[in-house]
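One structure is given here, and the rest of the page talks about it.
Since every read-out is calculated from the coordinates, none of them should be taken as a lab result. The model shown is predicted, which means the values in this text are computed figures rather than measured ones. Virtual Cβ from ideal backbone geometry, glycine too; neighbours counted across all protein chains shown.
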Ligand SMILES: NC(=O)c1ccc[n+]([C@@H]2O[C@H](COP(=O)([O-])OP(=O)(O)OC[C@H]3O[C@@H](n4cnc5c(N)ncnc54)[C@H](O)[C@@H]3O)[C@@H](O)[C@H]2O)c1
């Protein structure tokens, strides 16, 4: 049996757990979550999820110290601050395949230390930016191969520009097949407490450009409305306006022709089982491979820390509280 360790069974962790019930593999799942209420909720969802795949063994634990088995696969669904310590502990448990939630690390020194550790332990890791798994974006990536991408934009309100920037940078990198970029946070006008305690959010604009293009912009305003945003992709031949919330994409051709198609982003509870099965059978998966994701995290986390430190006190960890 493959031993899978889920660290953190909060809002997202419990969805990873729910999905694991549908893995085709006979998993032995260890869940580590310090809060009893979160453990109970995760257990309830797991029990209530129907599945016609092989039986899974699941056990719940308060802390990583309670795990005395060699672990094969880890899913780390804890908040970003503290992830490096968890990485050290799970690597010591023998884990060779790791799925890390985004934001993977919120300090550049942590990114560097984690990169050394992953290599030292000969482990494989991926960061969960799941738009890369969506058939709609996979198809769009193929379509975009035949025309030059000029610009990416995400414009909206209340969409959590600090904690979600890495999702969009990852998507742009995936679509443009590029990883080197320059970013500016000069037009971020406000840094406000996030809804999540001890974390922050950015409002205003983030601009950037990949090496020899395309350029990109994230623009997020605060308002009394719900979360709302649209992704716009401009190429030489056409423009795509993607509304993930409504689940549609408008394609506007240069000759004025228009087409609207629908799509949906699968829930995490529909994704994790497939990722685990792929890792077990092929030692790979469709998420962003660790070193590529670190190349995408580095410029953003570095600039986000500089901005944060310019308005607050510097900290020795060089940590910007985003997750
Ligand atoms: N990939 C995505 O699309 C996506 C979506 C939502 C959230 N996230 C990310 O997932 C992470 C978790 O988000 P969430 O909304 O589930 O948060 P959450 O606060 O609901 O859950 C985090 C859980 O981790 C637990 N935890 C903290 N430290 C721990 C430790 N040392 N050992 C074991 N458990 C520990 C907490 O008790 C909590 O229950 C964040 O980094 C967030 O940004 C990613």
- Query: Just 88, 258, 96 to compare: in a GNM of the chain, with alpha carbon springs under 10 Å, which one fluctuates most?
  - Reply: 258
- Note on the structure: Relative contact order of the chain (C-alpha contacts under 8 Å, at least 6 apart) in percent is 20 percent
- Message: Looking at the chain as a GNM with Cα springs under 10 Å, which of 226, 25, 278 has the largest mean-square fluctuation?
- Response: 226
- Message: Compute a Gaussian network model of the chain, connecting alpha carbons closer than 10 Å, and tell me which residue from 68, 85, 170 fluctuates the most.
- Response: 68
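If neighbour count is taken as other Cβ atoms inside 10 Å, put 294, 20, 319 in order from fewest to most.
Working: 294 22, 20 28, 319 19.
So the ranking, lowest neighbour count to highest, is 319, 294, 20.
Defining a contact as two alpha carbons under 8 Å apart and six or more residues distant in sequence, what relative contact order in percent does the range 135-264 show? Each step should come with its number before you reach the end.
Numbers: 252 pairs, mean separation 37.0, N = 130.
Once divided by the residue count of the range 135-264, the mean separation gives 28 percent.
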- Where in the range 212-251 does the amide nitrogen come within less than 17 Å of the point 7 Å from the Cα of residue 143, taken along Cα to Cβ? 230-251
- Message: Helix 135-144 against the longest principal axis of the chain: what's the angle in degrees, Cα atoms only, rounded to the nearest 10?
- Response: 40 degrees
- Message: Between 0 and 90 degrees, rounded to the nearest ten: what's the tilt of helix 108-120 against the longest Cα principal axis of the chain?
- Response: 50 degrees
- Hull surface over four for the Cα convex hull of the chain, reported in nm², is 17.3 nm²
- Square roots of 5 times each gyration tensor eigenvalue, C-alpha, the range 135-264, largest first, Å: 26, 18, 13
- Compute the separation of the alpha-carbon centres of the range 3-78 and the range 138-172 and state it in Å as a whole number. 31 Å
- Put a dot 7 Å past each Cα toward the Cβ at residue 113 and residue 182; how far apart are the dots in nm? 3.1 nm
- Message: Taking the beta-carbon count within 10 Å as an exposure proxy, list 223, 212 from fewest neighbours to most.
- Response: 212, 223
- Separation between the residue 190 and residue 310 pseudo-spin-labels, each 7 Å from Cα along Cα→Cβ, expressed in nm? 1.9 nm
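If I take R0 = 30 Å and measure r between the Cβ atoms of residue 63 and residue 292 in this structure, what FRET efficiency does the formula 1/(1 + (r/R0)^6) give, to the nearest 0.05?
On the way: r = 32 Å, r/R0 = 1.06.
So, using R0 = 30 Å, E works out to roughly 0.40.
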- C-alpha long axis of helix 36-48 to longest principal axis of the chain, angle in °: 90 degrees
- Cα→Cβ-extended label distance, 7 Å offset, between residue 237 and residue 264, nm: 3.0 nm
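For 49, 235, what's the fewest-to-most ordering of other Cβ within 10 Å of each Cβ? It would help to have the intermediate numbers written out before the result.
Working: 49 14, 235 17.
Fewest to most other Cβ atoms nearby, the residues stand as 49, 235.
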